[in-house]
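Here's the structure we're looking at; comments come further down.
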Amino acid sequence: MIRRVLPHGLGRGLLTRRPGTRRGGFSLDWDGKVSEIKKKIKSILPGTPCDLLPDTSHLPPEHSDVVIVGGGVLGLSVAYWLKKLENRQGGMRVLVVERDHTYSQASTGLSVGGICQQFSLPENIQLSLFSASFLRNINEYLAVTNAPPLDLQFNPSGYLLLASEKDAAAMESNVKVQKQEGAKVCLMSPDQLRNKFPWINTEGVALASYGMENEGWFDPWCLLHGLRQKVGVFFCQGEVTRFVTSSQHMLTTDDEMVTLKSIHEVHVKMDHSLEYQPVECAIVINAAGAWSAQIAALAGIGKGPPGTLQGTKLPVEPRKEEEPDPANLEVDHDFFQEKVWPHLALRVPAFETLKVQTAWAGYYDYNTFDQNGVVGPHPLVVNMYFATGFSGHGLQQAPGVGRAVAEMILEGSFQTIDLSPFLFNRFYLGEKTQENNIM
């Protein structure tokens, strides 16, 4: 078994800042100086287009303390908390790389925007409670001077879960845990359910649970926009295509030889170009959502003998709920009509008279192992940290997860919420973190 061979934190510290202007806009007057030089050249050579100094403002910087792969709410939340919790304001340089600048296929923008605390694991309940508080007080966190306040359009309508006789005992047990963690949830009998929601067919329902506070829906785009305008980091539209690593060999406590890797350079390919920019870094955050396994593989994760830690892959893949073909984001209308609609119409008869007018689909970053998030450092690629694999509840838990990852980087351990059950090691050990209420 692998135990931590290096501390969770940086150990040797972040990259030291070297003097001089960095490519990509870290010096506030760099663009002004380039513009001034171009004007002087043009005045000397009138009528000649000034292409002598190529524009590099679209490129990422050559050096960054932290590179975050993925600019959705999880990646941006990590960026936000890193900057908020850093010891010296402006001391940490953070680069966020996002390949889909329109977010047209990003899970954030295609999410329904639900938030719920009715989980069975204390860690998931705590994450959602933390996020509910963050969302309700959004302008205390993300307000920007001279910008209008954010309106998440939070609709606290609650979640209603139904259980048959077979599942009623499990629901009671879950609600007990939820209440112990501070969630406001109540149990309802079939009669109570009919009185409160007379439009529901209660046939086959033995018990229901209802979230009375901090559950409902909010605007994902507003949260994304709020994080982007607040974080104060460098954004880059591009795709991470390679990691340059260094290696060292060490013995485990079981006298097994393992190879430890450290990423010291990230190659970012620019959009619609063969051009790429190498970026020196100290830390890489894998927040690439449904494609995070591909990013992990670039660092050699999973490329080892089967059954070993080195051969253990990140078990995350793109999925569209239960639709059979995840290869694209086309809506499978037949699947909805044949598999989903009959259950809706049976439980809520009013659905029989309704017609679907528009529909869309989005990807889950689906953890095939246990459908729970992957948070924290990789045990062998020692400076890659994960914030991925939430299988449908990443948006609602992003504020809490972002803080947890930032704490692990800055402090060397989880501080606010202990997310140790979500570490990567569980995949190698075969120890599932079982959540009974995946929605």
key: Cross-chain or 6+ apart pairs with Cβ under 8 Å, region 364-386 first and without any contact (Cβ under 8 Å) to a residue 60 or more places away in the chain, then in a strand (DSSP E or B) and buried (at least 20 other Cβ atoms within 10 Å of the Cβ)   = Asn367/Val316; Asn367/Val374; Thr368/Val316; Gly373/Asn367; Gly373/Ala387; Gly373/Thr388; Val375/Phe386; Val375/Ala387
message = I'd like the full set of residues that are over 26 Å from the mean Cα position of the chain (by Cα), over 14 Å from Val205 (Cβ atoms) and surrounded by 15 or more Cβ atoms within 10 Å (Cβ to Cβ), limited to region 139-178.
response = Val175
query = In region 170-191, which residues are of a type in the set (A, V, I, L, M) and either part of a strand (DSSP E or B) or touching a strand residue (DSSP E or B) at 6+ places or on another chain (Cβ under 9 Å) (or both)?
reply = Ala170, Met171, Val175, Ala183, Val185, Leu187, Met188
ask   = Only one residue in Glu352, Glu322, Glu330 is more than 30 Å from Val205 (Cβ to Cβ), at pLDDT below 90 and open to solvent by 90 Å² or more (accessible area, probe 1.4 Å), so which one is that?
value = Glu330
request  = Go through Arg88, Arg99 for me and flag whichever is at negative phi, among the charged types (D, E, K, R), surrounded by fewer than 23 Cβ atoms within 10 Å (Cβ to Cβ) and in contact (Cβ under 8 Å) with a residue 12 or more places away in the chain.
outcome  = Arg99
task = Select, from Ala297, Ala361, the only residue that is surrounded by 12 or more Cβ atoms within 10 Å (Cβ to Cβ), in contact with a Leu (Cβ under 9 Å, 6 or more places away or on another chain) and more than 30 Å from Leu380 (Cα to Cα).
result = Ala361
ask   = Counting only residues that are open to solvent by less than 10 Å² (accessible area, probe 1.4 Å) and assigned to a loop (DSSP other than H, G, I, E, B), how many does region 395-434 have?
value = 2
inquiry  = Within region 158-170, does at least one residue satisfy the condition of being in contact with a helix residue (DSSP H, G or I) (Cβ under 8 Å, 6 or more places away or on another chain), without any contact (Cβ under 8 Å) to a residue 40 or more places away in the chain and within 23 Å of Phe218 (Cβ to Cβ)?
reply    = no
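The values are calculated or read from the model by the stated rules, or taken from the named source; none is laboratory data. Keep in mind the model is a prediction, meaning the values are calculated, not measured. Every residue, glycine as well, gets a Cβ built from its backbone with ideal geometry; the counts of neighbours run over all protein chains shown. Quick note on the areas: whole protein, heavy atoms, side chains included, nothing else; ligands and nucleic acids left out. Shrake-Rupley method; radii C 1.70, N 1.55, O 1.52, S 1.80 Å.
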